[in-house]
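Enquirer: Structure in structure tokens, see below.
The values are calculated or read from the model by the stated rules, or taken from the named source; none is laboratory data. Not measured: the values here are computed from a predicted model. Positions of Cβ are generated from backbone atoms using ideal geometry, with glycine treated the same way; all protein chains shown enter the neighbour counts. Just so you know, the surface numbers come from the protein's heavy atoms only, side chains and all, with ligands and any DNA or RNA stripped out. Shrake-Rupley method; radii C 1.70, N 1.55, O 1.52, S 1.80 Å.
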Amino acid sequence: MLCKQASITMESLSSFLSPTPLNLSSHKLSPMAASATTFSSLSFASIPSQHQRTFTPKRTSKPSKTLSPTIPTPTITTTTTTTTTSLPPKKVLVPIGFGTEEMEAVIIVDVLRRAGADVTVASVEPQLQIEASSGTKLVADTSISTCSDQVFDLVALPGGMPGSARLRDCEVLQKIMCKHAEEKRLYGAICAAPAVTLKPWGLLKKKQTTCHPAFMDKLPTFWAVKSSIQVSGELTTSRGPGTTFEFSLSLVEQLFGESIAKEVGQVLLVSSADDNPTKEEFNKVEWSVDHTPRVLIPVANGSEAIEVVTIADILRRAKVDVIIASLEKSVQILASQGTKIVADKLIGDAAESIYDIIILPGGTAGAERIHKSKILKKLIKEQDSAGRIYGAVCSSPAVLQRQGLLKDKRATAHPSVVDTLTKVADGAKVVIDGKLITSRGLATVVDFALTIVGKLFGYGRARSVAEGLVFEYPRS
């Protein structure tokens, strides 16, 4: 019998959990000193286990076709190359609960769906909507109870606290996982989940395992390894939000093969330790403010979920006041790859305030809706006129170009739209020109958000946040 009664209680984790459980943002994992082996940003590390396969995705080239006459799509459909008409799609379960780490959950779901997997996001709570660890509200596809009789090719557990404890305490999920593991099917866990969720269930026995540095002492000492990704038989584990792209692509490789994983990695702009600098800055000015910075992230149906959630998560870790505002009639939007996000406000209500920074996420359909929003167009023009900061990633620098807000400024964008810009600085992942900041999007938004943190608060704050993410940050 693989599973046993959970032996780690909520009390034994009191040092990691806030005494005020309703304030979920306080459950964020604390930044750690660089005690773990570090790896190149978003690249696959060399892993000694014979079960582990290593590849280094290259940066994508410009797509050969433009799918939209206005804002070309930054997404390449990979579904048709990952499955055949005679085979059913691979089924994947991703459970979430209150305090789940939002970057991990959304990136796992997004990457696997791009690869062609049929992913079910299931809530372990009584309701489908959950508030994640940094305050982003996500809506699951179904309740975990509806998954009891289903067979999945893979179950992937995101981390975060108290999210990992919420997963651990769900009896339905425990039964699903125990049966799944006994049948030798693939399963994975990241961040706190290996130590907090899988270990009490007895699913780490005789398996080399890694997890977030804050929880390494909870793993069996002999089997604990400080690697970015660890594959041991059917189990794959990883360290934190900053390693989630690697973790997800490793799962894609195990489900669909190395070529599909490479293809998806290219689409996501996941890079190896390439020669491109993280950022380039022109016309340098100070961004620091004498109050808690306020940032507006407008979202719409079709906005790129990875970008919205990653930027909001990282900025909130740095103690920035982030408002996600819906351009739709409802606060709930259907982002890319079917991810459902609940915004904090409608754009009409959000427009009543002044923001230090406005950031436009990408996504082809979302960027087009951003461009058509009269309220947002007015807000951004006022932002520019007042000399305040604004930025865009992925497809959305093209929105700024169309609205005359790039002027003579240097910028970058997703490879599919970068040629629409008048002054391109395309060598770096992130480009700053005065009070404008742009990025290529997708996997590069981790660097984008950390660059904003560094500009607002200084290098020390940015590095501290990066360590909490388990993301390699430049040392200078």
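Enquirer: Taking amide H positions as placed 1.01 Å from N in the peptide plane, with prolines and chain starts having none, which residues 5 or more places from Leu157, or on another chain, fall under 5 Å of its amide H?
Expert: For Leu157, whose amide H was placed from the backbone, the distant partners under 5 Å are Gly188, Ala189, Ile190.
Enquirer: Amide H to amide H under 5 Å from Val119: which residues, 5+ apart in sequence or cross-chain, H placed 1.01 Å off N in plane?
Expert: Val92
Enquirer: In whole percent, how big is the carbon plus sulfur part of the accessible area of the range 220-370, probe 1.4 Å, protein atoms only? Write out the running numbers ahead of the final one.
Expert: On the way: 2460 of 5060 Å².
Ligands and nucleic acids excluded, carbon and sulfur reach 49 percent.
Enquirer: Does the range 274-368 come out rounded, prolate or oblate, given a ≥ b ≥ c as the square roots of the eigenvalues of its C-alpha gyration tensor, rounded meaning a/c under 1.5 and, failing that, prolate meaning a/b above b/c? Spell out each step's value before the answer.
Expert: Values: a/c = 2.04, a/b = 1.26, b/c = 1.62.
Oblate, since a/c reaches 1.5 and b/c is not below a/b.
Enquirer: Tell me the Kirkwood hydrodynamic radius of the range 82-192 in angstroms, computed as one over the mean inverse distance between distinct C-alpha pairs. The partial results should precede the final answer.
Expert: Working: mean 1/r = 0.0719 Å⁻¹.
Hydrodynamic radius (Kirkwood, Cα pairs) of the range 82-192 is 13.9 Å.
Enquirer: If you don't mind, another one. Rg(Cα) of the range 195-277 divided by 2.2 N^0.38 Å? Intermediate values should be presented prior to the final figure.
Expert: Details: Rg = 14.3 Å, N = 83, 2.2 N^0.38 = 11.8 Å.
Normalised Cα radius of gyration, the range 195-277: 1.21.
Enquirer: Each residue of the range 411-417 in order: what ³J(HN,Hα) in whole Hz does its phi give by Karplus 6.51 cos²θ - 1.76 cosθ + 1.60, θ = phi - 60°, with x for Gly and Pro?
Expert: Residue by residue, the range 411-417 yields 8, 9, 6, 4, x, 6, 10 Hz.
Enquirer: When ranked by the protection proxy of mean other Cβ atoms within 10 Å per residue, highest first, what sequence do the peptides 220-230, 397-407 form?
Expert: On the way: 220-230: 18.0, 397-407: 20.6.
My ranking of the peptides, most packed first, is 397-407, 220-230.
Enquirer: Round to the nearest 10 and report in Å² the accessible area of His291, as given by a 1.4 Å probe over the protein chains' heavy atoms.
Expert: Counting only protein heavy atoms, the figure is 90 Å².
Enquirer: Heavy-atom accessible area per residue, the range 204-301, 1.4 Å probe: how many Å²?
Expert: On the way: 3690 Å² over 98 residues.
Per-residue accessible area for the range 204-301 comes out at 38 Å².
Enquirer: Report the normalised scattering of the range 144-248 as log10 I(q)/I(0) at q = 0.13, 0.17, 0.22 Å⁻¹, calculated by the Debye formula with identical scatterers on the alpha carbons.
Expert: The Cα Debye sum returns log10 ratios of -0.40, -0.69, -1.18.
Enquirer: At 4 °C and a viscosity of 1.567 mPa s, what translational diffusion coefficient does Stokes-Einstein give for the range 162-311, taking Rh as the Kirkwood radius over Cα pairs? Give it in µm²/s as a whole number. Present the calculation step by step, with values, prior to reporting the outcome.
Expert: Working: Rh = 18.1 Å.
Answer from the Stokes-Einstein relation: 72 µm²/s.
Enquirer: Follow-up. How compact is the range 234-304 by the rule of thumb for globular proteins, expressed as Cα Rg over 2.2 N^0.38 Å? Walk me through the numbers on the way to the answer.
Expert: Details: Rg = 18.1 Å, N = 71, 2.2 N^0.38 = 11.1 Å.
So the range 234-304 has a normalised radius of gyration of 1.62.
Enquirer: When DSSP assigns beta bridges and you keep just the ones with both residues in the range 282-392, what percent turn out antiparallel, to the nearest 5?
Expert: Numbers: 3 of 17 bridges.
Percentage antiparallel, nearest 5: 20.
Enquirer: Next question. Output needed for the range 310-409: three equivalent-ellipsoid semi-axes, defined as square roots of 5 times the C-alpha gyration tensor eigenvalues, in descending order, whole Å. Each step should come with its number before you reach the end.
Expert: Working: eigenvalues 79, 54, 40 Å².
Result for the range 310-409: semi-axes of 20, 16, 14 Å.
Enquirer: Could you order peptides 299-311, 449-461 by the average number of other Cβ atoms within 10 Å of their residues, highest first?
Expert: Working: 299-311: 27.8, 449-461: 20.3.
Going by the mean number of other Cβ atoms within 10 Å, highest first, we get 299-311, 449-461.
Enquirer: A further question on this structure: Which listed residue (Phe256, Val172, Leu235) has the Cα farthest towards the positive end of the charge dipole for the range 133-289, taking +1 on Lys and Arg C-beta and -1 on Asp and Glu C-beta about the Cα centre?
Expert: Farthest towards the positive pole: Val172.
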